[in-house]
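I have placed the structure first, in the form of structure tokens, so that the comments after it can refer back to it.
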Amino acid sequence: MTPELETIAANAAAAAQPFADTNPRDRARALVAVADALEANADALVEVGMAETGLAEARLRGELRRTAVQLRLFAETVASGAYLDVRIDAADPGFALGPRPDVRRYLVPLGPVVNFAASNFPFAFSVAGGDTASALAAGCPVILKGHPGHPELTRRTAAIVADALAAAGMPDGVFQVVTDQEEGVEILKDPRVKAGAFTGSIPAGQFLAGIAAARPVPIPFFGELGSLNPVFVTQAALDERADEIVSGFVTSVSGSAGQLCTKPGFVFVPAGHGLEQGISDAAASVAPHRLLNPRIAAGYVERREAVLAAAGVRPVAEGRVELGGAGQGWVTPTIVAVSLDDLAAGRDEILEESFGPLSVLVEVEPGTDLAALVPTLLDGNLTATVHAATGEGGAELRALVRVLTEHAGRVLFGGWPTGVAVTPAMQHGGPWPATTNDSSTSVGTAAITRFLRPVAYQGAPEALLPGPLQTANPWGVPQTVSAAGESTGWGDDI
């Protein structure tokens with residue numbers, strides 16, 4: 001390890017306990033200070049982001065706003081103290097199972113977290129994005145591995161975050177940055193690092209998750225990887241609102257040049273759907289959009305060519321790809337159709353995520369058991385969507401919804417998966433390969449729990465208890481208290 005990297009690891013380790021001991025309200029104020037600083041520098045940051053990523057100004061401004069809202073949402077969560085999940089069982093000599101000791105449990109920060117930033121959300125899943133925000137909210141120092149796709153934006157945003165945290169009185173070493181790929185791998189191996197977070201490709205995520213698992217002391221690793229985001233459209237839904245479905249589909253596929261983790265990649269529609277002309281017309285109206293960087297452009301071209309060359313695939317909206325001299329790519333939507341049988345026969349060529357504005361209509365014959373079909377074709381996904389007619393809800397549709405809940409973290413009805421609301425109830429995660437750990441989310445207030453672990457104190461004197469567990473409750477956090485005699489432990493009232 002280089003001296004610079006050693007200093008970073010040491011600083012994070014030194015900051016871990018002081019940061020964990022900060023009053024939640026002080027930590028909340030620090031998160032709000034970061035949000036305020038980002039918004040105060042929005043003009044300069046968005047300008048850099050546009051130059052480095054090719055994303056539109058409106059998209060980047062909205063994303064920066066989302067990042068600030070997310071930080072403030074975590075601040076509210078932290079300030080309330082409910083995230084600590086304090087549970088106190090008072091000593092009870094008359095407990096049904098014998099004398100019960102005094103047991104007090106709450107959640108504590110894991111320690112330093114390495115966060116590998118994403119390319120496609122240079123604000124919301126990068127320097128100050130959800131993984132960073134939730135780790136800081138939990139009380140964990142963050143070592144950010146910046147993404148090479150937007151290095152100058154990373155540098156500027158990181159400086160703003162670090163300055164805001166310092167001005168808010170947070171400990172030195174609570175937020176630091178590394179930029180080199182090898183440095184990111186090396187720091188993930190360091191025993192002072194207690195967790196990792198990642199948003200990116202399946203191969204890179206597998207590689208990093210393997211490192212985290214193979215350490216002498218394995219650590220949790222929360223990776224968001226790949227997702228097909230299947231959509232299922234019933235004939236009744238088409239009969240009711242075909243034009244609306246076409247418009248929403250093309251908009252969802254083409255937004256940000258399809259470089260979204262929730263882009264609908266496969267749409268299962270009834271054979272003979274008659275949507276071709278509407279989709280072609282809607283796609284033709286989409287202006288070319290630059291892909292994030294030359295590496296993504298090259299990957300998209302390769303993937304698109306493989307899909308178009310697969311047996312049984314026919315273009316509905318062929319789209320365009322224009323490569324510049326530096327390898328940058330400008331694209332319009334490519335939408336193809338294939339029968340269910342041809343998809344099954346050519347799954348190795350077709351059934352894979354295309355990171356860019358490409359989607360596949362899968363034409364399904366009447367009478368096909370969709371619920372039985374899902375496990376044969378689909379692995380884990382971030383989302384799954386159902387478009388049904390108003391009032392439609394027979395046994396077949398209920399069976400489909402049930403099986404989709406086993407294959408996705410979020411099941412939508414009548415909408416489109418792009419556009420992930422930053423709310424307490426949001427679930428942004430799913431079974432492998434959508435994520436490496438499907439018990440968590442990277443969006444919404446539940447994301448904070450990824451970087452916490454439970455600890456219980458039994459029979460501890462008041463003076464040795466941490467503040468949230470003390471009867472005096474100096475932090476003023478919510479406490480769930482089971483007093484002596486309140487419960488038999490056997491559910492007598494059930």
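Observations
- For segment 127-226, taking the reciprocal of the average inverse distance between every pair of different Cα atoms yields a Kirkwood hydrodynamic radius of 14.1 Å.
- Acute angle (nearest 10 degrees) that the helix 57-80 long axis makes with the longest principal axis of the chain, alpha-carbon atoms: 30
- Mean shadow area of segment 1-142 over all directions, Cα convex hull, nm²: 12.0
- For segment 32-81, taking Cα atoms only, Rg and Dmax work out to 12.4, 40 Å respectively.
- With Cα atoms, 0 to 90° folded angle of helix 202-214 axis to the chain main axis: 30
- The amide H of PHE232, built 1.01 Å from its N in the peptide plane, has PHE268, THR385, VAL386, HIS387 as neighbours under 5 Å, considering only residues 5 or more places off or on other chains.
- Shape category assigned to the chain from the gyration tensor of Cα positions, a/c cut at 1.5: oblate
- GLY356 long-range amide H proximity, modeled H, under 5 Å: LEU260
- Quarter of Cα convex hull surface for segment 1-75, i.e. mean projection, nm²: 6.8
- Close amide H pairs (under 5 Å, H built 1.01 Å from N) link VAL178 with LEU144, LYS145, GLY146, residues at least 5 positions away or on another chain.
- Residue-count net charge about ARG303 - beta-carbon cut-off 11 Å; Lys, Arg +1, Asp, Glu -1: -4
- Accessible area per residue in Å² at 1.4 Å probe, computed on segment 172-330: 42
- In the chain, Cα pairs under 8 Å separated by at least six residues give a relative contact order of 19 percent.
- Karplus-derived HN-Hα couplings along segment 37-49 (A = 6.51, B = -1.76, C = 1.60, θ = phi - 60°), whole Hz, x at Gly and Pro: 5, 4, 5, 5, 10, 4, 4, 5, 5, 5, 4, 5, x
- Proximal charge balance of PRO288 [Cβ under 11 Å; K/R count +1, D/E count -1]: +1
- Computed 3J(HN,Hα) for segment 427-443, one whole-Hz value per residue from the Karplus formula 6.51 cos²θ - 1.76 cosθ + 1.60 where θ = phi - 60°, is 10, 10, x, x, x, 3, x, 4, 9, 7, 8, 8, 8, 9, 9, 9, 10, glycine and proline marked x.
- Summed residue charge, Cβ within 14 Å of GLU52's Cβ, Lys/Arg positive, Asp/Glu negative: +1
The values are calculated or read from the model by the stated rules, or taken from the named source; none is laboratory data. Because the structure is predicted, anything quoted here is derived from the model rather than measured. Cβ: placed from backbone, ideal geometry, glycine included. Neighbour counts: every protein chain shown. Please note that ligands, DNA and RNA were not included when accessible areas were found on the heavy atoms of the full protein model with its side chains. Shrake-Rupley method; radii C 1.70, N 1.55, O 1.52, S 1.80 Å.
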